[in-house]
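Okay, so here's the structure we're looking at.
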Amino acid sequence: MAELRRTVLLFLQAGSSLTEAAVALHLHKNTVRYRLRKADDVRGRPITERRQDVETALLACQQLGTSVLIRTAL
């Protein structure tokens, strides 16, 4: 899950650019695409839905640690 959270956060911070996220993560953009689909599945809706809320939650998790997570949250 930590891998998915990091991928989603970098993708959102890159302005939803697969290419920029892939460069930041040192991955192929298809790997980023796969992880984003997986994150959508875990979340139960697109990560771009309520994008600002998702990014804020991921930043909080990054700063405060995983104790702020609820079960399967990204």
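Brief remarks on what is shown
- The mean accessible area for residues of the chain, using a 1.4 Å probe and ignoring ligands and nucleic acids, is 67 Å² per residue.
- Relative contact order (%) - criterion: Cα under 8 Å, at least six apart; region: the chain: 33 percent
- Between T19 and S67, the C-beta separation translates, for a Förster distance of 25 Å, into a calculated FRET efficiency of about 0.15.
- Overall, the accessible surface of the chain at a probe of 1.4 angstrom is composed of carbon and sulfur to the extent of 51 percent.
- Expected 222 nm ellipticity per residue - DSSP helices of 4 or more, -39500 (n - 2.57), all of the chain, to 500: -20500 deg cm²/dmol
The values are calculated or read from the model by the stated rules, or taken from the named source; none is laboratory data. Quick caveat, the model's predicted, so the values are computed rather than measured. Using ideal geometry, Cβ is built from the backbone for each residue, glycine included, and neighbour counts are taken over all protein chains shown. We work out accessible area using only protein heavy atoms, side chains counted, and drop any ligands, DNA or RNA first. Shrake-Rupley method; radii C 1.70, N 1.55, O 1.52, S 1.80 Å.
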